[in-house]
Amino acid sequence: MRTSSTRVLTAALGALTLGVALTACGGESLEKSKEGTGSSAPAAGGAKGKLVIGAAGFTESNVLAELYAQLLRSEGYTTSITTVANRELYEPALEKGEIDVVPEYAATLAEFLNAKVNGPKAPADAPVASSDVAATVAGLEKLAGPLGLKVLPTGQAVDQNAFAVSREFAEKNKLKTLSDLGASGLKVKIAAGDECTVRPFCAPGLKKAYGIEVSGIDPKGVGTPQAKQAVKDGVDQLVLTTTTDATLEQYGLVLLEDDKKLQNADNVLPVVNAKDAGAPEVAAALDRLTKVLTTADLADLNRKVDAERAKPADVAKTYLEAKGLTKKQ
(Lines give C-alpha, C1' and ligand atoms only; values in the text may rest on other atoms or scores of the structure.)
Protein backbone atom coordinates (compact mmCIF):
# COMPACT_ATOMS: atom_id res chain seq x y z
CA MET A 1 0.00 0.00 0.00
CA ARG A 2 1.26 3.45 -0.78
CA THR A 3 0.79 6.37 1.53
CA SER A 4 -0.38 9.85 0.63
CA SER A 5 3.28 10.89 0.87
CA THR A 6 4.04 8.62 -2.03
CA ARG A 7 1.05 9.98 -3.89
CA VAL A 8 2.33 13.53 -3.73
CA LEU A 9 5.84 12.57 -4.80
CA THR A 10 4.30 10.57 -7.62
CA ALA A 11 2.31 13.65 -8.57
CA ALA A 12 5.47 15.66 -8.93
CA LEU A 13 7.34 12.99 -10.81
CA GLY A 14 4.36 12.00 -12.91
CA ALA A 15 4.00 15.52 -14.24
CA LEU A 16 6.66 14.55 -16.74
CA THR A 17 4.97 11.33 -17.82
CA LEU A 18 1.55 9.81 -18.05
CA GLY A 19 2.39 7.22 -15.43
CA VAL A 20 1.01 8.50 -12.14
CA ALA A 21 0.30 5.24 -10.34
CA LEU A 22 -1.27 4.52 -6.98
CA THR A 23 -1.10 0.93 -5.82
CA ALA A 24 -4.35 -0.64 -4.70
CA CYS A 25 -4.77 -2.67 -1.52
CA GLY A 26 -7.54 -4.97 -2.59
CA GLY A 27 -11.15 -4.12 -3.20
CA GLU A 28 -13.41 -4.68 -6.15
CA SER A 29 -11.90 -4.64 -9.61
CA LEU A 30 -13.11 -2.42 -12.37
CA GLU A 31 -14.03 -5.43 -14.44
CA LYS A 32 -16.96 -6.09 -12.13
CA SER A 33 -20.23 -4.45 -13.00
CA LYS A 34 -21.82 -1.57 -11.14
CA GLU A 35 -24.41 -4.04 -9.88
CA GLY A 36 -21.89 -5.53 -7.47
CA THR A 37 -21.20 -4.21 -3.99
CA GLY A 38 -17.88 -2.64 -3.09
CA SER A 39 -16.09 -2.17 0.20
CA SER A 40 -18.67 0.24 1.55
CA ALA A 41 -21.36 -0.91 3.96
CA PRO A 42 -24.70 -1.99 2.49
CA ALA A 43 -26.75 0.91 1.29
CA ALA A 44 -30.01 1.99 2.81
CA GLY A 45 -32.70 3.26 0.51
CA GLY A 46 -31.09 3.96 -2.81
CA ALA A 47 -34.15 5.56 -4.33
CA LYS A 48 -32.03 7.97 -6.34
CA GLY A 49 -29.98 5.29 -8.07
CA LYS A 50 -26.59 3.62 -7.78
CA LEU A 51 -23.20 5.33 -7.61
CA VAL A 52 -19.78 3.67 -7.61
CA ILE A 53 -17.07 5.55 -5.73
CA GLY A 54 -13.46 4.99 -6.78
CA ALA A 55 -10.65 4.67 -4.23
CA ALA A 56 -6.93 4.49 -5.01
CA GLY A 57 -5.96 2.11 -2.23
CA PHE A 58 -3.90 4.33 0.08
CA THR A 59 -5.25 5.45 3.46
CA GLU A 60 -6.35 8.96 2.58
CA SER A 61 -8.08 7.93 -0.64
CA ASN A 62 -9.87 5.11 1.17
CA VAL A 63 -11.11 7.50 3.84
CA LEU A 64 -12.26 10.07 1.29
CA ALA A 65 -14.08 7.38 -0.69
CA GLU A 66 -15.89 6.29 2.48
CA LEU A 67 -16.82 9.89 3.26
CA TYR A 68 -18.26 10.32 -0.24
CA ALA A 69 -20.06 6.97 -0.21
CA GLN A 70 -21.65 7.42 3.19
CA LEU A 71 -22.67 11.01 2.53
CA LEU A 72 -24.28 10.14 -0.80
CA ARG A 73 -25.97 7.14 0.77
CA SER A 74 -27.54 9.43 3.35
CA GLU A 75 -28.97 11.42 0.45
CA GLY A 76 -30.78 8.39 -0.94
CA TYR A 77 -28.23 6.84 -3.31
CA THR A 78 -27.07 3.24 -3.26
CA THR A 79 -23.29 3.45 -3.06
CA SER A 80 -20.39 1.03 -3.35
CA ILE A 81 -16.63 1.52 -3.35
CA THR A 82 -14.30 0.13 -6.00
CA THR A 83 -10.56 0.09 -5.27
CA VAL A 84 -8.44 0.44 -8.41
CA ALA A 85 -4.82 -0.22 -9.26
CA ASN A 86 -3.78 3.18 -10.59
CA ARG A 87 -4.92 6.41 -12.19
CA GLU A 88 -4.34 4.97 -15.67
CA LEU A 89 -7.19 2.58 -14.88
CA TYR A 90 -9.59 4.62 -12.81
CA GLU A 91 -9.55 7.77 -14.94
CA PRO A 92 -10.68 5.96 -18.14
CA ALA A 93 -13.18 4.02 -16.03
CA LEU A 94 -14.54 7.31 -14.77
CA GLU A 95 -14.90 8.51 -18.36
CA LYS A 96 -16.79 5.33 -19.29
CA GLY A 97 -19.08 5.48 -16.28
CA GLU A 98 -17.76 2.23 -14.81
CA ILE A 99 -17.15 4.32 -11.72
CA ASP A 100 -19.04 7.53 -11.04
CA VAL A 101 -17.19 9.56 -8.42
CA VAL A 102 -13.52 9.78 -7.42
CA PRO A 103 -11.78 11.88 -4.75
CA GLU A 104 -8.96 13.65 -6.54
CA TYR A 105 -6.21 16.25 -6.18
CA ALA A 106 -6.43 19.31 -8.41
CA ALA A 107 -2.84 19.75 -9.58
CA THR A 108 -2.09 16.05 -9.86
CA LEU A 109 -5.11 15.30 -12.02
CA ALA A 110 -4.63 18.47 -14.08
CA GLU A 111 -1.14 17.41 -15.15
CA PHE A 112 -2.20 13.81 -15.66
CA LEU A 113 -4.89 14.93 -18.10
CA ASN A 114 -2.52 17.48 -19.61
CA ALA A 115 -0.15 14.64 -20.47
CA LYS A 116 -2.99 12.44 -21.69
CA VAL A 117 -4.53 15.09 -23.94
CA ASN A 118 -1.47 17.06 -25.05
CA GLY A 119 1.33 14.51 -24.88
CA PRO A 120 3.79 13.38 -22.20
CA LYS A 121 5.98 16.47 -22.53
CA ALA A 122 3.11 18.90 -21.97
CA PRO A 123 3.34 19.05 -18.14
CA ALA A 124 6.95 20.18 -18.40
CA ASP A 125 6.62 22.37 -21.50
CA ALA A 126 3.16 23.86 -20.88
CA PRO A 127 1.98 23.05 -17.33
CA VAL A 128 -1.59 23.83 -16.34
CA ALA A 129 -1.06 23.33 -12.60
CA SER A 130 0.44 25.95 -10.31
CA SER A 131 0.21 27.14 -6.70
CA ASP A 132 -2.89 29.14 -7.72
CA VAL A 133 -5.81 26.83 -6.96
CA ALA A 134 -8.34 28.80 -9.02
CA ALA A 135 -6.11 28.80 -12.10
CA THR A 136 -5.25 25.13 -11.60
CA VAL A 137 -8.90 24.11 -11.35
CA ALA A 138 -9.78 26.24 -14.38
CA GLY A 139 -7.12 24.43 -16.39
CA LEU A 140 -8.34 21.09 -15.07
CA GLU A 141 -11.92 21.87 -16.05
CA LYS A 142 -10.91 22.67 -19.64
CA LEU A 143 -9.17 19.32 -19.93
CA ALA A 144 -11.81 17.29 -18.09
CA GLY A 145 -14.95 18.62 -19.77
CA PRO A 146 -14.36 17.18 -23.25
CA LEU A 147 -13.63 13.81 -21.64
CA GLY A 148 -17.07 13.71 -20.06
CA LEU A 149 -15.83 14.55 -16.59
CA LYS A 150 -17.23 17.17 -14.25
CA VAL A 151 -14.91 18.81 -11.73
CA LEU A 152 -16.65 19.84 -8.51
CA PRO A 153 -15.44 22.71 -6.28
CA THR A 154 -12.38 22.47 -4.06
CA GLY A 155 -12.23 23.38 -0.40
CA GLN A 156 -9.56 24.04 2.21
CA ALA A 157 -8.20 20.50 2.40
CA VAL A 158 -4.94 20.10 0.51
CA ASP A 159 -2.46 17.23 0.35
CA GLN A 160 0.74 18.52 -1.17
CA ASN A 161 4.48 18.31 -0.68
CA ALA A 162 5.73 19.92 2.51
CA PHE A 163 8.97 20.24 4.47
CA ALA A 164 9.41 19.62 8.18
CA VAL A 165 12.16 20.17 10.73
CA SER A 166 12.54 19.05 14.32
CA ARG A 167 10.71 21.21 16.83
CA GLU A 168 14.01 21.78 18.62
CA PHE A 169 15.69 22.95 15.40
CA ALA A 170 12.77 25.28 14.64
CA GLU A 171 12.74 26.83 18.10
CA LYS A 172 16.51 27.22 18.28
CA ASN A 173 16.65 29.02 14.92
CA LYS A 174 13.26 30.78 15.15
CA LEU A 175 11.86 29.07 12.09
CA LYS A 176 8.19 29.09 11.12
CA THR A 177 8.40 29.39 7.34
CA LEU A 178 10.68 28.26 4.55
CA SER A 179 11.55 31.95 4.09
CA ASP A 180 12.82 31.97 7.69
CA LEU A 181 15.05 28.99 6.87
CA GLY A 182 16.40 30.70 3.77
CA ALA A 183 17.09 33.93 5.66
CA SER A 184 18.91 32.03 8.41
CA GLY A 185 21.69 31.02 6.05
CA LEU A 186 21.73 27.53 7.55
CA LYS A 187 22.78 24.65 5.33
CA VAL A 188 20.45 21.68 5.49
CA LYS A 189 20.57 18.07 4.46
CA ILE A 190 17.20 16.80 3.20
CA ALA A 191 15.76 13.37 3.87
CA ALA A 192 13.82 12.68 0.67
CA GLY A 193 13.80 10.62 -2.49
CA ASP A 194 17.00 10.80 -4.51
CA GLU A 195 15.04 12.66 -7.22
CA CYS A 196 15.01 15.66 -4.88
CA THR A 197 18.31 16.77 -6.39
CA VAL A 198 16.65 17.59 -9.72
CA ARG A 199 12.92 18.09 -9.09
CA PRO A 200 11.73 21.72 -9.11
CA PHE A 201 9.54 21.25 -6.04
CA CYS A 202 12.51 20.01 -3.98
CA ALA A 203 16.16 21.10 -3.71
CA PRO A 204 16.31 23.31 -6.85
CA GLY A 205 13.03 24.98 -5.91
CA LEU A 206 14.10 25.57 -2.32
CA LYS A 207 17.25 27.27 -3.59
CA LYS A 208 15.47 29.33 -6.25
CA ALA A 209 12.41 30.39 -4.26
CA TYR A 210 13.85 30.65 -0.77
CA GLY A 211 17.63 30.80 -1.07
CA ILE A 212 17.95 27.67 1.06
CA GLU A 213 21.38 26.08 0.92
CA VAL A 214 21.08 22.31 0.53
CA SER A 215 24.22 20.45 1.57
CA GLY A 216 22.96 17.08 0.36
CA ILE A 217 20.13 14.63 -0.08
CA ASP A 218 19.71 11.63 2.21
CA PRO A 219 17.74 9.18 -0.01
CA LYS A 220 15.45 7.75 2.63
CA GLY A 221 12.21 8.37 0.72
CA VAL A 222 9.32 10.77 1.05
CA GLY A 223 7.84 10.96 4.52
CA THR A 224 9.06 7.49 5.46
CA PRO A 225 9.67 6.58 9.10
CA GLN A 226 13.39 6.37 8.33
CA ALA A 227 13.41 9.86 6.84
CA LYS A 228 11.57 11.39 9.79
CA GLN A 229 13.74 9.54 12.28
CA ALA A 230 16.85 10.94 10.60
CA VAL A 231 15.59 14.48 11.17
CA LYS A 232 14.53 13.70 14.72
CA ASP A 233 18.04 12.37 15.43
CA GLY A 234 19.70 15.41 13.81
CA VAL A 235 21.35 13.36 11.06
CA ASP A 236 19.34 15.44 8.56
CA GLN A 237 17.72 18.82 9.13
CA LEU A 238 14.79 18.80 6.69
CA VAL A 239 12.40 16.08 5.56
CA LEU A 240 10.16 16.06 2.50
CA THR A 241 6.71 14.87 3.50
CA THR A 242 3.12 16.04 2.93
CA THR A 243 0.68 18.46 4.51
CA THR A 244 -1.52 15.61 5.75
CA ASP A 245 1.29 13.57 7.34
CA ALA A 246 -0.33 12.23 10.50
CA THR A 247 2.85 11.12 12.27
CA LEU A 248 4.95 14.29 12.48
CA GLU A 249 4.14 14.91 16.13
CA GLN A 250 5.35 11.51 17.29
CA TYR A 251 8.73 12.28 15.75
CA GLY A 252 8.82 15.77 17.27
CA LEU A 253 8.65 17.42 13.84
CA VAL A 254 6.85 20.55 12.65
CA LEU A 255 6.05 21.77 9.14
CA LEU A 256 7.59 24.97 7.82
CA GLU A 257 5.06 27.07 5.93
CA ASP A 258 5.52 27.20 2.17
CA ASP A 259 4.91 30.96 2.30
CA LYS A 260 6.04 31.63 -1.28
CA LYS A 261 3.86 28.84 -2.70
CA LEU A 262 6.54 26.62 -4.20
CA GLN A 263 4.19 23.62 -4.30
CA ASN A 264 1.29 23.15 -6.69
CA ALA A 265 -2.31 23.43 -5.48
CA ASP A 266 -3.22 19.81 -4.76
CA ASN A 267 -6.52 20.68 -3.12
CA VAL A 268 -8.91 17.80 -2.64
CA LEU A 269 -11.97 17.81 -4.90
CA PRO A 270 -14.53 15.33 -6.22
CA VAL A 271 -14.51 14.48 -9.92
CA VAL A 272 -17.58 12.79 -11.40
CA ASN A 273 -18.80 11.24 -14.60
CA ALA A 274 -20.88 14.10 -15.98
CA LYS A 275 -23.55 11.86 -17.53
CA ASP A 276 -24.08 9.41 -14.68
CA ALA A 277 -23.26 11.52 -11.62
CA GLY A 278 -23.55 15.09 -12.84
CA ALA A 279 -26.85 15.78 -11.11
CA PRO A 280 -27.00 18.94 -8.98
CA GLU A 281 -28.01 16.78 -6.00
CA VAL A 282 -24.72 14.87 -6.15
CA ALA A 283 -22.71 18.06 -6.36
CA ALA A 284 -24.65 19.67 -3.52
CA ALA A 285 -24.15 16.68 -1.23
CA LEU A 286 -20.42 16.44 -1.85
CA ASP A 287 -20.02 20.20 -1.56
CA ARG A 288 -21.33 20.08 2.00
CA LEU A 289 -18.35 17.89 2.88
CA THR A 290 -15.86 19.88 0.81
CA LYS A 291 -16.80 23.09 2.62
CA VAL A 292 -15.99 21.72 6.08
CA LEU A 293 -13.09 19.32 5.41
CA THR A 294 -9.70 20.81 6.28
CA THR A 295 -6.11 19.68 5.87
CA ALA A 296 -5.91 19.14 9.63
CA ASP A 297 -9.05 16.99 9.46
CA LEU A 298 -7.47 14.81 6.77
CA ALA A 299 -4.29 14.40 8.79
CA ASP A 300 -6.33 13.39 11.84
CA LEU A 301 -8.41 10.90 9.86
CA ASN A 302 -5.22 9.41 8.39
CA ARG A 303 -3.74 9.15 11.88
CA LYS A 304 -6.75 7.27 13.22
CA VAL A 305 -6.46 4.70 10.45
CA ASP A 306 -2.67 4.37 10.32
CA ALA A 307 -1.74 4.79 13.99
CA GLU A 308 -4.89 3.66 15.79
CA ARG A 309 -5.80 0.94 13.26
CA ALA A 310 -9.37 2.19 12.91
CA LYS A 311 -11.31 1.25 9.79
CA PRO A 312 -11.78 3.94 7.12
CA ALA A 313 -15.53 3.31 7.19
CA ASP A 314 -15.68 3.88 10.94
CA VAL A 315 -13.64 7.09 11.00
CA ALA A 316 -15.66 8.43 8.07
CA LYS A 317 -18.95 7.68 9.86
CA THR A 318 -17.78 9.37 13.06
CA TYR A 319 -16.53 12.43 11.20
CA LEU A 320 -19.70 12.90 9.16
CA GLU A 321 -21.86 12.61 12.26
CA ALA A 322 -19.64 14.98 14.26
CA LYS A 323 -19.88 17.61 11.53
CA GLY A 324 -23.64 17.21 11.30
CA LEU A 325 -23.42 15.97 7.71
CA THR A 326 -25.22 12.71 8.48
CA LYS A 327 -27.51 11.67 11.33
CA LYS A 328 -26.18 9.54 14.16
CA GLN A 329 -27.31 5.95 13.96
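The values are calculated or read from the model by the stated rules, or taken from the named source; none is laboratory data. Worth saying up front: this structure is predicted, and the values here are computed from it rather than measured. Heavy atoms of the whole protein, side chains included, go into the accessibility calculation; ligands, DNA and RNA do not. Shrake-Rupley method; radii C 1.70, N 1.55, O 1.52, S 1.80 Å.
See the values below:
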quantity: Distance histogram in 10 Å bins (all Cα pairs of the stretch 189-275, percent per bin); calculated: 16, 45, 27, 7, 3, 0
quantity: Cα long-axis angle, helix 87-96 against the chain (0 to 90 degrees, to the nearest 10); calculated: 30
quantity: Sequence-distant residues sharing a close amide H with L149 (under 5 Å, placed H); calculated: A274
quantity: Overall form of the stretch 106-214 per C-alpha gyration tensor (a/c, 1.5; a/b vs b/c); calculated: prolate
quantity: Rel. contact order, % - alpha carbon contacts under 8 angstrom, at least six apart, the chain; calculated: 23
quantity: Average accessible area per residue (Å²) across the chain - probe 1.4 Å, nucleic acids and ligands excluded; calculated: 43
quantity: Note, ³J(HN,Hα) from phi for the stretch 236-243, Karplus 6.51, -1.76, 1.60, rounded to Hz, x at Gly and Pro; calculated: 10, 10, 9, 10, 7, 9, 9, 5
quantity: Between helix 4-14 and the chain: long-axis angle, C-alpha atoms, 0 to 90°, nearest 10; calculated: 80
quantity: Cross-link pairs beyond the 25 Å C-alpha cut-off, checked among K187/K304; K142/K207; K172/K228; calculated: K187/K304; K142/K207
quantity: Sulfur and carbon atoms: percent of accessible area, the chain [1.4 Å]; calculated: 52
quantity: Along principal axes, Cα extents of the stretch 63-109, largest first, whole Å; calculated: 30, 22, 15
quantity: Antiparallel bridge percentage (DSSP; both residues within the chain; nearest 5); calculated: 50
quantity: Within the chain, helix-based [θ] at 222 nm, where runs of 4 or more DSSP H residues each add -39,500 (n - 2.57), nearest 500; calculated: -11500 deg cm²/dmol
quantity: Percentage, to the nearest whole number, of Cα pairs in the stretch 183-329 over 21 Å apart; calculated: 57
quantity: Per residue, the convex hull volume that the Cα atoms of the chain enclose (Å³); calculated: 119
quantity: Accessible-area order (highest first, 1.4 angstrom probe) of the listed residues E257, E321; calculated: E257, E321
